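Engineer: Sharing a structure below in C-alpha coordinates format, with a few things to ask.
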(Lines give C-alpha, C1' and ligand atoms only; values in the text may rest on other atoms or scores of the structure.)
Protein backbone atom coordinates (compact mmCIF):
# COMPACT_ATOMS: atom_id res chain seq x y z
CA UNK A 1 0.00 0.00 0.00
CA UNK A 2 2.77 2.44 0.94
CA UNK A 3 4.61 1.63 -2.30
CA UNK A 4 1.49 2.35 -4.34
CA UNK A 5 0.96 5.64 -2.49
CA UNK A 6 4.58 6.63 -3.09
CA UNK A 7 4.33 5.81 -6.79
CA UNK A 8 1.20 7.93 -7.17
CA UNK A 9 2.65 10.91 -5.31
CA UNK A 10 5.97 10.80 -7.17
CA UNK A 11 4.09 10.56 -10.48
CA UNK A 12 2.03 13.61 -9.53
CA UNK A 13 5.17 15.50 -8.47
CA UNK A 14 6.92 14.71 -11.75
CA UNK A 15 3.84 15.71 -13.77
CA UNK A 16 3.48 18.90 -11.74
CA UNK A 17 7.08 19.99 -12.23
CA UNK A 18 6.96 19.08 -15.93
CA UNK A 19 3.95 21.33 -16.52
CA UNK A 20 5.34 24.19 -14.46
CA UNK A 21 9.05 24.09 -15.14
CA UNK A 22 9.69 22.66 -18.61
CA UNK A 23 11.93 25.13 -20.44
CA UNK A 24 14.47 25.20 -23.25
CA UNK A 25 16.25 28.36 -22.18
CA UNK A 26 17.59 29.62 -18.89
CA UNK A 27 15.37 32.09 -17.01
CA UNK A 28 18.07 33.27 -14.63
CA UNK A 29 17.13 36.58 -13.05
CA UNK A 30 13.42 36.27 -13.81
CA UNK A 31 12.26 35.44 -10.28
CA UNK A 32 12.29 37.33 -7.01
CA UNK A 33 13.10 36.23 -3.43
CA UNK A 34 16.40 34.61 -4.41
CA UNK A 35 17.22 34.27 -0.70
CA UNK A 36 14.82 31.30 -0.64
CA UNK A 37 17.39 29.39 -2.72
CA UNK A 38 20.26 29.79 -0.24
CA UNK A 39 21.26 26.42 1.24
CA UNK A 40 20.33 25.98 4.89
CA UNK A 41 22.58 24.18 7.37
CA UNK A 42 26.29 23.37 7.40
CA UNK A 43 25.67 19.61 7.21
CA UNK A 44 23.64 19.87 4.00
CA UNK A 45 25.94 22.51 2.49
CA UNK A 46 29.00 20.40 3.26
CA UNK A 47 27.37 17.55 1.32
CA UNK A 48 26.92 19.77 -1.71
CA UNK A 49 23.21 20.29 -1.13
CA UNK A 50 22.43 16.61 -1.81
CA UNK A 51 20.06 16.46 1.13
CA UNK A 52 16.47 16.08 -0.07
CA UNK A 53 16.41 12.36 0.77
CA UNK A 54 18.81 12.41 3.72
CA UNK A 55 17.03 15.30 5.48
CA UNK A 56 16.95 13.90 9.01
CA UNK A 57 17.35 16.94 11.28
CA UNK A 58 15.61 20.28 11.79
CA UNK A 59 17.07 21.68 8.54
CA UNK A 60 14.63 19.32 6.81
CA UNK A 61 12.18 22.20 7.31
CA UNK A 62 14.02 23.73 4.33
CA UNK A 63 15.21 20.73 2.31
CA UNK A 64 12.28 18.33 2.57
CA UNK A 65 9.66 18.88 5.24
CA UNK A 66 8.73 15.18 5.19
CA UNK A 67 12.07 14.50 6.91
CA UNK A 68 10.99 16.05 10.21
CA UNK A 69 8.53 13.18 10.71
CA UNK A 70 11.44 11.01 11.86
CA UNK A 71 12.56 13.42 14.62
CA UNK A 72 11.68 11.99 18.04
CA UNK A 73 12.87 14.85 20.31
CA UNK A 74 12.31 18.58 20.34
CA UNK A 75 15.00 19.98 18.08
CA UNK A 76 16.30 23.49 17.43
CA UNK A 77 18.70 24.52 14.69
CA UNK A 78 20.47 27.87 14.33
CA UNK A 79 22.35 28.65 11.11
CA UNK A 80 24.56 31.58 10.16
CA UNK A 81 26.15 32.10 6.74
CA UNK A 82 28.51 34.88 5.67
CA UNK A 83 26.84 35.32 2.29
CA UNK A 84 27.91 37.10 -0.88
CA UNK A 85 28.70 40.85 -0.98
CA UNK A 86 28.92 41.25 2.81
CA UNK A 87 25.33 40.14 3.40
CA UNK A 88 24.34 37.89 6.30
CA UNK A 89 22.06 34.88 6.01
CA UNK A 90 20.46 33.46 9.16
CA UNK A 91 18.02 30.63 9.71
CA UNK A 92 16.27 29.25 12.80
CA UNK A 93 14.11 26.15 12.96
CA UNK A 94 12.17 24.33 15.67
CA UNK A 95 10.61 20.86 15.45
CA UNK A 96 8.13 19.63 18.06
CA UNK A 97 7.09 15.94 18.02
CA UNK A 98 3.39 15.37 18.66
CA UNK A 99 3.46 11.59 18.95
CA UNK A 100 1.00 9.75 16.73
CA UNK A 101 -0.35 13.08 15.45
CA UNK A 102 2.88 13.81 13.58
CA UNK A 103 5.46 16.57 14.01
CA UNK A 104 5.09 20.34 13.95
CA UNK A 105 7.75 22.76 12.74
CA UNK A 106 8.47 26.49 12.76
CA UNK A 107 11.15 28.31 10.78
CA UNK A 108 12.50 31.80 10.25
CA UNK A 109 14.77 32.92 7.41
CA UNK A 110 16.57 36.25 7.15
CA UNK A 111 18.96 37.90 4.67
CA UNK A 112 20.28 41.28 5.83
CA UNK A 113 22.89 43.89 4.96
CA UNK A 114 24.54 46.84 6.69
CA UNK A 115 23.13 50.34 6.19
CA UNK A 116 24.28 52.08 3.01
CA UNK A 117 24.49 55.75 2.11
CA UNK A 118 21.78 57.28 -0.07
CA UNK A 119 23.62 58.74 -3.06
CA UNK A 120 22.33 60.90 -5.88
CA UNK A 121 23.82 62.42 -9.02
CA UNK A 122 24.00 65.75 -7.26
CA UNK A 123 25.43 64.24 -4.06
CA UNK A 124 27.53 61.21 -5.02
CA UNK A 125 29.17 61.12 -1.56
CA UNK A 126 25.82 60.82 0.18
CA UNK A 127 22.81 62.90 1.15
CA UNK A 128 23.20 62.24 4.86
CA UNK A 129 20.48 59.57 4.75
CA UNK A 130 20.98 55.81 4.95
CA UNK A 131 18.96 52.89 3.62
CA UNK A 132 18.93 49.16 4.13
CA UNK A 133 17.48 46.06 2.50
CA UNK A 134 16.24 42.82 4.05
CA UNK A 135 14.42 39.62 3.17
CA UNK A 136 12.51 37.46 5.66
CA UNK A 137 10.32 34.37 5.61
CA UNK A 138 8.28 32.62 8.29
CA UNK A 139 7.27 28.97 7.92
CA UNK A 140 4.74 26.70 9.62
CA UNK A 141 5.25 23.01 8.88
CA UNK A 142 3.52 19.72 9.53
CA UNK A 143 4.73 16.20 8.77
CA UNK A 144 3.78 12.68 9.73
CA UNK A 145 4.53 9.06 9.03
CA UNK A 146 1.92 7.36 6.86
CA UNK A 147 3.71 4.04 7.37
CA UNK A 148 7.03 2.78 8.73
CA UNK A 149 8.56 3.66 5.34
CA UNK A 150 6.61 6.59 3.94
CA UNK A 151 6.54 10.21 5.22
CA UNK A 152 4.81 13.28 3.87
CA UNK A 153 5.00 16.93 4.92
CA UNK A 154 3.78 20.43 4.11
CA UNK A 155 4.99 23.97 4.85
CA UNK A 156 3.12 27.26 4.55
CA UNK A 157 5.37 30.35 4.26
CA UNK A 158 4.98 34.09 4.54
CA UNK A 159 7.65 35.93 2.52
CA UNK A 160 8.63 39.59 2.59
CA UNK A 161 11.28 41.57 0.72
CA UNK A 162 11.99 45.21 1.52
CA UNK A 163 14.38 47.98 0.48
CA UNK A 164 14.24 51.40 2.12
CA UNK A 165 10.53 52.41 2.05
CA UNK A 166 9.41 49.71 -0.41
CA UNK A 167 8.27 46.16 0.33
CA UNK A 168 6.62 43.15 -1.27
CA UNK A 169 4.92 40.12 0.29
CA UNK A 170 3.88 36.66 -0.87
CA UNK A 171 2.51 33.36 0.42
CA UNK A 172 3.95 30.01 -0.63
CA UNK A 173 3.83 26.31 0.18
CA UNK A 174 6.37 23.46 0.14
CA UNK A 175 5.46 19.78 -0.24
CA UNK A 176 7.78 16.84 0.42
CA UNK A 177 7.85 13.05 0.63
CA UNK A 178 10.38 10.39 1.65
CA UNK A 179 10.28 6.63 1.17
CA UNK A 180 12.64 4.01 2.60
CA UNK A 181 13.22 1.08 0.26
CA UNK A 182 14.61 -2.43 0.69
CA UNK A 183 17.37 -1.69 -1.81
CA UNK A 184 21.05 -1.00 -1.08
CA UNK A 185 21.00 -0.99 2.72
CA UNK A 186 17.66 0.78 2.96
CA UNK A 187 18.12 3.43 0.28
CA UNK A 188 15.88 6.45 0.85
CA UNK A 189 14.09 8.29 -1.95
CA UNK A 190 13.05 11.88 -1.32
CA UNK A 191 11.22 14.49 -3.38
CA UNK A 192 10.10 18.05 -2.73
CA UNK A 193 8.50 21.04 -4.43
CA UNK A 194 9.43 24.41 -2.93
CA UNK A 195 8.06 27.95 -3.16
CA UNK A 196 4.80 27.38 -5.00
CA UNK A 197 2.87 30.56 -4.32
CA UNK A 198 1.80 34.06 -5.16
CA UNK A 199 3.84 36.73 -6.93
CA UNK A 200 5.81 39.57 -5.37
CA UNK A 201 5.15 43.20 -6.26
CA UNK A 202 6.96 46.12 -4.67
CA UNK A 203 4.87 48.90 -3.12
CA UNK A 204 5.72 51.91 -0.99
CA UNK A 205 6.42 55.61 -0.92
CA UNK A 206 9.68 55.37 -2.88
CA UNK A 207 7.58 54.49 -5.92
CA UNK A 208 5.55 57.67 -5.59
CA UNK A 209 6.35 60.94 -7.36
CA UNK A 210 4.58 64.14 -8.50
CA UNK A 211 3.64 65.28 -11.99
CA UNK A 212 2.15 68.39 -13.66
CA UNK A 213 -1.33 67.94 -15.07
CA UNK A 214 -0.65 69.94 -18.24
CA UNK A 215 2.83 71.16 -19.12
CA UNK A 216 1.39 73.56 -21.73
CA UNK A 217 -0.72 75.59 -19.31
CA UNK A 218 0.58 78.08 -16.77
CA UNK A 219 -0.71 77.65 -13.25
CA UNK A 220 -1.45 73.93 -13.59
CA UNK A 221 -0.53 71.97 -10.49
CA UNK A 222 2.84 70.25 -10.46
CA UNK A 223 2.08 68.33 -7.27
CA UNK A 224 -0.32 65.67 -8.54
CA UNK A 225 0.73 62.41 -6.80
CA UNK A 226 1.18 59.29 -8.89
CA UNK A 227 2.72 55.86 -8.38
CA UNK A 228 5.11 53.88 -10.56
CA UNK A 229 3.43 50.68 -11.75
CA UNK A 230 5.72 47.90 -10.51
CA UNK A 231 5.96 44.51 -12.23
CA UNK A 232 5.01 41.28 -10.46
CA UNK A 233 7.68 38.64 -10.02
CA UNK A 234 7.37 34.87 -9.57
CA UNK A 235 8.91 33.00 -6.67
CA UNK A 236 11.82 30.60 -7.40
CA UNK A 237 9.96 27.32 -7.81
CA UNK A 238 12.11 24.22 -7.50
CA UNK A 239 11.49 20.49 -7.89
CA UNK A 240 14.14 18.30 -6.29
CA UNK A 241 14.33 14.52 -6.15
CA UNK A 242 17.16 12.43 -4.73
CA UNK A 243 18.42 9.22 -3.20
CA UNK A 244 20.76 8.44 -0.31
CA UNK A 245 22.13 5.28 1.25
CA UNK A 246 24.79 3.98 3.61
CA UNK A 247 27.33 2.27 1.38
CA UNK A 248 29.37 1.32 4.45
CA UNK A 249 27.75 0.76 7.83
CA UNK A 250 29.78 -0.67 10.69
CA UNK A 251 29.50 -0.35 14.46
CA UNK A 252 32.08 2.44 14.71
CA UNK A 253 31.76 4.22 11.38
CA UNK A 254 29.39 4.86 8.51
CA UNK A 255 29.70 6.26 4.98
CA UNK A 256 26.60 7.82 3.43
CA UNK A 257 26.37 8.96 -0.19
CA UNK A 258 23.60 11.08 -1.70
CA UNK A 259 22.60 12.42 -5.08
CA UNK A 260 19.90 14.96 -6.00
CA UNK A 261 18.46 16.15 -9.31
CA UNK A 262 17.14 19.73 -9.42
CA UNK A 263 14.65 21.25 -11.83
CA UNK A 264 14.21 24.97 -10.99
CA UNK A 265 11.87 27.39 -12.73
CA UNK A 266 14.61 30.00 -13.22
CA UNK A 267 17.58 27.99 -14.51
CA UNK A 268 18.70 24.83 -16.24
CA UNK A 269 18.58 21.43 -14.55
CA UNK A 270 21.56 20.35 -12.45
CA UNK A 271 22.68 17.78 -9.90
CA UNK A 272 24.06 17.85 -6.38
CA UNK A 273 26.23 15.01 -5.07
CA UNK A 274 27.72 14.49 -1.64
CA UNK A 275 29.01 12.11 1.00
CA UNK A 276 29.29 12.00 4.79
CA UNK A 277 31.66 9.89 6.86
CA UNK A 278 30.58 9.42 10.49
CA UNK A 279 32.82 8.05 13.23
CA UNK A 280 30.86 6.73 16.23
CA UNK A 281 28.28 9.47 15.61
CA UNK A 282 30.74 11.90 17.22
CA UNK A 283 32.76 13.24 14.29
CA UNK A 284 31.43 13.90 10.78
CA UNK A 285 33.46 14.61 7.63
CA UNK A 286 31.55 15.79 4.57
CA UNK A 287 32.22 16.66 0.95
CA UNK A 288 30.19 17.34 -2.16
CA UNK A 289 29.63 19.26 -5.34
CA UNK A 290 26.69 21.56 -6.02
CA UNK A 291 25.22 22.56 -9.41
CA UNK A 292 26.93 19.73 -11.29
CA UNK A 293 26.36 19.99 -15.09
CA UNK A 294 24.83 23.47 -14.69
CA UNK A 295 25.81 25.78 -17.54
CA UNK A 296 27.78 28.85 -16.40
CA UNK A 297 27.73 27.76 -12.74
CA UNK A 298 30.04 29.50 -10.28
CA UNK A 299 32.16 27.09 -8.25
CA UNK A 300 30.29 24.21 -6.62
CA UNK A 301 32.86 22.32 -4.50
CA UNK A 302 32.07 22.11 -0.79
CA UNK A 303 33.28 20.33 2.31
CA UNK A 304 32.48 20.38 6.00
CA UNK A 305 33.03 18.97 9.44
CA UNK A 306 30.74 18.31 12.38
CA UNK A 307 30.90 17.22 16.01
CA UNK A 308 28.28 15.86 18.37
CA UNK A 309 28.87 16.65 22.05
CA UNK A 310 26.33 14.03 23.16
CA UNK A 311 25.86 15.78 26.48
CA UNK A 312 23.76 13.55 28.66
CA UNK A 313 22.40 16.38 30.77
CA UNK A 314 18.65 15.72 30.90
CA UNK A 315 18.89 14.00 27.53
CA UNK A 316 20.33 17.01 25.68
CA UNK A 317 22.64 16.60 22.68
CA UNK A 318 24.36 19.41 20.78
CA UNK A 319 25.78 19.27 17.26
CA UNK A 320 28.25 21.82 15.89
CA UNK A 321 28.77 21.94 12.12
CA UNK A 322 30.83 24.01 9.69
CA UNK A 323 30.82 24.07 5.88
CA UNK A 324 32.88 25.76 3.18
CA UNK A 325 31.49 26.31 -0.31
CA UNK A 326 33.43 27.56 -3.32
CA UNK A 327 31.56 30.22 -5.31
CA UNK A 328 34.10 30.81 -8.08
CA UNK A 329 34.46 34.50 -8.92
CA UNK A 330 32.16 35.32 -6.02
CA UNK A 331 34.73 33.74 -3.67
CA UNK A 332 33.92 31.38 -0.81
CA UNK A 333 30.97 31.10 1.57
CA UNK A 334 31.22 29.90 5.18
CA UNK A 335 28.28 28.37 7.07
CA UNK A 336 28.00 27.60 10.78
CA UNK A 337 25.24 25.57 12.44
CA UNK A 338 24.27 24.60 15.97
CA UNK A 339 21.65 21.90 16.45
CA UNK A 340 20.18 21.09 19.87
CA UNK A 341 17.95 18.09 20.60
CA UNK A 342 16.23 17.78 23.99
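The values are calculated or read from the model by the stated rules, or taken from the named source; none is laboratory data. For clarity, every value in this text was computed on a predicted model and none was experimentally measured. Cβ: placed from backbone, ideal geometry, glycine included. Neighbour counts: every protein chain shown.
Engineer: Collect the residues in segment 127-137 that are assigned to a loop (DSSP other than H, G, I, E, B) and either more than 21 Å from residue 35 (Cβ to Cβ) or touching a helix residue (DSSP H, G or I) at 6+ places or on another chain (Cβ under 8 Å) (or both), keeping them in residue-number order.
Structural biologist: Hits for segment 127-137 are 127, 128, 129.
Engineer: I'd like the full set of residues that are part of a strand (DSSP E or B) and surrounded by 15 or more Cβ atoms within 10 Å (Cβ to Cβ), limited to segment 79-95. Show your work before the answer.
Structural biologist: Going through segment 79-95, the residues part of a strand (DSSP E or B) turn out to be 79-82, 88-95.
Answer for segment 79-95, where residues must be part of a strand (DSSP E or B) and surrounded by 15 or more Cβ atoms within 10 Å (Cβ to Cβ): 79, 80, 81, 89, 90, 91, 92, 93, 94, 95.
Engineer: Going through segment 179-190 one residue at a time, which ones are touching a strand residue (DSSP E or B) at 6+ places or on another chain (Cβ under 6 Å) and under 16 Å from residue 257 (Cα atoms)?
Structural biologist: Correct list: 180, 184, 185, 186, 187, 188, 189, 190.
Engineer: Which residues, taken from segment 192-210, are in a helix (DSSP H, G or I) and within 22 Å of residue 30 (Cβ to Cβ)?
Structural biologist: Scanning segment 192-210 gives a single hit, 207.
Engineer: Going by what's in this entry, would residue 257 be described as part of a loop (DSSP other than H, G, I, E, B) and either in contact with a strand residue (DSSP E or B) (Cβ under 6 Å, 6 or more places away or on another chain) or surrounded by fewer than 20 Cβ atoms within 10 Å (Cβ to Cβ) (or both)? Talk me through it step by step, then tell me what you get.
Structural biologist: Values: part of a loop (DSSP other than H, G, I, E, B): no; either in contact with a strand residue (DSSP E or B) (Cβ under 6 Å, 6 or more places away or on another chain) or surrounded by fewer than 20 Cβ atoms within 10 Å (Cβ to Cβ) (or both): yes.
No, not satisfied.
Engineer: Being more than 19 Å from residue 146 (Cβ to Cβ) and over 15 Å from the mean Cα position of the chain (by Cα) is the filter here, so list the residues in segment 172-196 that pass it.
Structural biologist: 183, 184, 185
Engineer: Filter segment 290-342 down to the residues that are in contact with a strand residue (DSSP E or B) (Cβ under 7 Å, 6 or more places away or on another chain) and not in a strand (DSSP E or B) and list them by number.
Structural biologist: 293, 294, 297, 299, 300, 309, 310, 311, 327, 342
Engineer: For segment 155-165, which residues satisfy the criterion of being assigned to a strand (DSSP E or B) and surrounded by fewer than 16 Cβ atoms within 10 Å (Cβ to Cβ)?
Structural biologist: Correct list: 156, 158, 160.
Engineer: Right, next: Whether any residue in segment 109-116 is farther than 24 Å from residue 322 by Cβ and either in contact with a helix residue (DSSP H, G or I) (Cβ under 9 Å, 6 or more places away or on another chain) or modelled with pLDDT under 95 (or both) is what I want to check.
Structural biologist: Taking segment 109-116 as the starting set, the residues that turn out to be farther than 24 Å from residue 322 by Cβ are 115-116.
After this cut, where a residue has to be either in contact with a helix residue (DSSP H, G or I) (Cβ under 9 Å, 6 or more places away or on another chain) or modelled with pLDDT under 95 (or both) as well, the list is 115-116.
Yes, some residue in segment 109-116 is farther than 24 Å from residue 322 by Cβ and either in contact with a helix residue (DSSP H, G or I) (Cβ under 9 Å, 6 or more places away or on another chain) or modelled with pLDDT under 95 (or both).
Engineer: State all residues of segment 266-281 that are in contact with a strand residue (DSSP E or B) (Cβ under 7 Å, 6 or more places away or on another chain) and buried (at least 19 other Cβ atoms within 10 Å of the Cβ); if no residue qualifies, say none.
Structural biologist: The answer is 266, 270, 272, 273, 274, 275, 276, 278.
Yes/no matrix, rows are residues, columns are (1) buried (at least 19 other Cβ atoms within 10 Å of the Cβ); (2) touching a residue at least 40 places away in the same chain (Cβ under 8 Å); (3) within 28 Å of residue 324 (Cβ to Cβ):
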position: 207; (1), (2), (3): no, yes, no
position: 247; (1), (2), (3): no, yes, yes
position: 251; (1), (2), (3): no, no, no
position: 264; (1), (2), (3): yes, yes, yes
position: 283; (1), (2), (3): no, no, yes
position: 288; (1), (2), (3): yes, yes, yes
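Engineer: Filter segment 98-126 down to the residues that are out of contact with any strand residue (DSSP E or B) (no Cβ under 7 Å at 6 or more places or on another chain), free of Cβ contacts under 8 Å to residues at least 24 places away in the same chain and either assigned to a strand (DSSP E or B) or over 25 Å from residue 173 (Cβ atoms) (or both) and list them by number.
Structural biologist: Residues satisfying the conditions are 119, 120, 121, 122, 123, 124, 125.
Engineer: Go through the residues of segment 56-71 one by one and say whether even a single one is assigned to a loop (DSSP other than H, G, I, E, B), in contact with a helix residue (DSSP H, G or I) (Cβ under 7 Å, 6 or more places away or on another chain) and under 19 Å from residue 262 (Cα atoms).
Structural biologist: Checked segment 56-71: at least one residue is assigned to a loop (DSSP other than H, G, I, E, B), in contact with a helix residue (DSSP H, G or I) (Cβ under 7 Å, 6 or more places away or on another chain) and under 19 Å from residue 262 (Cα atoms).
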